[in-house]
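Throughout, read-outs are computed from the coordinates displayed, never taken from laboratory work. Worth saying up front: this structure is predicted, and the values here are computed from it rather than measured. We place every Cβ from the backbone using ideal geometry, glycine too, and count neighbours over all the protein chains shown.
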Amino acid sequence: MSGGHATLTPLRQLFARRVGLLQRESGLSVPVYARRLDIPAKTFERWAMDGVVPHADTLVRYALQVDVSLDWLFGLSEERGSAG
């Protein structure tokens, strides 16, 4: 699925926006950010550009690494909270 956020469901669109926001706020390039998360840069780009949602174990690990709640990542809360 490519072509930006226009073709995404609202849930996936919000997920893509929020993971992209976290990466931009880090001040790191996508390759460096992804390397720090121990995931391929292409995988992260699919999350942020295509709204691809990772498997649950990867999703939980990501939320813990960036210290946000899953609720925030999916728009169920406006407070970033914490995954831990």
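For this structure, a couple of remarks:
- HN-Hα J in Hz across the range 63-76 - Karplus 6.51, -1.76, 1.60, θ = phi - 60°, x for Gly and Pro: 4, 5, 5, 9, 6, 10, 8, 5, 4, 5, 4, 9, x, 7
- Summed side-chain charge close to residue 71 - residues other than residue 71 whose Cβ falls under 14 Å, Lys, Arg +1, Asp, Glu -1: -1
- Within a Gaussian network of the chain (alpha carbon springs, distance under 10 Å), most fluctuating of 56, 34, 48: 56
- Label corresponding to Rg and Dmax of the Cα atoms in Å when calculated from the structure given, among (i) 15.9, 50; (ii) 11.8, 34; (iii) 23.2, 74: (ii)
- Rg to Rh, two decimals, where the range 8-52 supplies the alpha carbon set and Rh follows Kirkwood: 0.97
- Likely footprinting exposure, 50, 57, fewest C-beta neighbours within 10 Å first: 57, 50
- From phi via Karplus (6.51, -1.76, 1.60), per-residue ³J(HN,Hα) for the range 16-23 in Hz, x at Gly/Pro: 4, 4, 6, 5, x, 4, 4, 5
- When the range 25-72 is described by a simple charge dipole with +1 on each Lys and Arg Cβ and -1 on each Asp and Glu Cβ, the residue from 69, 40, 26 located farthest towards its positive end is 40.
- Rounded to whole numbers, the Karplus 3J(HN,Hα) couplings from phi for the range 41-51 are 4, 4, 5, 4, 4, 5, 5, 7, 9, 9, x Hz, using 6.51 cos²θ - 1.76 cosθ + 1.60 with θ = phi - 60°, and x at Gly and Pro.
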